[in-house]
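As structure tokens, the structure follows; a few thoughts come after it.
Each reported figure results from applying straightforward, stated rules to the coordinates on display, with no laboratory input. For clarity, every value in this text was computed on a predicted model and none was experimentally measured. For neighbour counting, all protein chains shown are included, and Cβ atoms are generated from backbone atoms with ideal geometry for every residue, glycine included.
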Amino acid sequence: MGIGVAAEAPRAPARTLGIGVALMAGGYFVFAMNDALGKYLVASFGVAQLVAIRSIGSFLILGPMLLRKGENPFRRVERPGLQLARVAITTLDTGLFYAACVWMPLADVMTFYMAGPIYTLLAARLLLGERIGWRRWAAIAAGFVGVLVALNPSVATLTGPALIALVGSVCYSLALVLNRMLAGTSGTALGTFQTIGTLVAAAAFAVFDWRPLTGAGVFWMMLLGVVAITAHLMIIQALKLAPVSVLAPFQYSLLLWGIVMGWAIFGDVPEWNVLVGAAVIVAAGLFIFRREQAVKPEVTAAELTANSP
């Protein structure tokens, strides 16, 4: 679910910095809980069914936020064509993430999504005309090597769940670029557009794979939406309290939590190629982040508050 761009915070006192770090670390832990809960639920419910009910749950948070701000996101829609494209891509991203979770270990799916900043830089070059120096081109190449190691290409993987996760991670990256292009739209408006679009699209596809509901199932699927919004809000608040340069590396803690939760909840142990590929992807991503801070410091704030399944 996309939340808007948060500007990097100025230098903060130690106590404020500590609160920002705690919120950022906690936000990504909550995201990992969201992903683990989603993986657990897609074992019993259809992917589109889950995404639709999850979207309804998101309005338990978004609705009061809109009322409190007195904001009507549909009054003046900035660049409606791009907004529609963003909604379509983020909806596909969310659906593909949960579809991959049906067949793949949680850590494996997260590994592909952690390559998002690498794809984003390449997409920004192609779509926004941003200049990329040789160091970042080298990091992009290294990141793709990491993806190939994790993917372990074969006829089976290129036609199976790993391909679903790979395409989903590319959609995630395109959504990050669109977030940059729509930086003037408020976070609440972006979240509202995406949630409504996701609800409509998922509801349309859910009729093809609708499974019997239980009260407990509806509760947990709606809670999924509440958990995702809560994680976004924690990260946005963290970015108001501490610099992006301090907070950005925490996004890779998702991989650690994915491994831990995948093992503890589902009994999944990542294969060696996934662990090696993840290490290469993280190293390349951190290098790209450092270089982007030197070239264009405000860019990564948008990425940290962008949509995440």
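List of remarks:
- Farthest toward positive dipole pole in the range 14-304 [+1 Lys/Arg, -1 Asp/Glu at C-beta], among Asn152, Val227, Ala242: Ala242
- Radius 13 Å from Cβ of Leu166, net charge of other residues (Lys, Arg +1; Asp, Glu -1): -2
- Residue (of Leu23, Gly46, Ala203) at the positive-pole extreme of the range 14-304, dipole from beta-carbon charges: Leu23
- In plain terms, the residue of Asp93, Asp268, Asp209 with the fewest other Cβ atoms within 10 Å comes first and the most crowded comes last, giving Asp209, Asp268, Asp93.
- Cβ-to-Cβ counts within 10 Å put Val102, Val51 in ascending order as Val102, Val51, the fewest first.
- Most mobile of Gly63, Gly26, Gly38 in a GNM of the chain (Cα contacts under 10 Å): Gly63
- Dipole magnitude for the chain: computed about the Cα centre from +1 point charges on Lys and Arg Cβ and -1 point charges on Asp and Glu Cβ, it is near 840 debye.
- In this structure, Phe266 and Ser186 have a Cβ-Cβ separation that, at R0 = 30 Å, corresponds to a calculated FRET efficiency of about 0.20.
- log10 of Debye I(q)/I(0), alpha-carbon scatterers only, for the chain at 0.11 Å⁻¹: -0.63
- Note on Val269, Val87: ascending count of other Cβ atoms within 10 Å places them as Val269, Val87, the fewest first.
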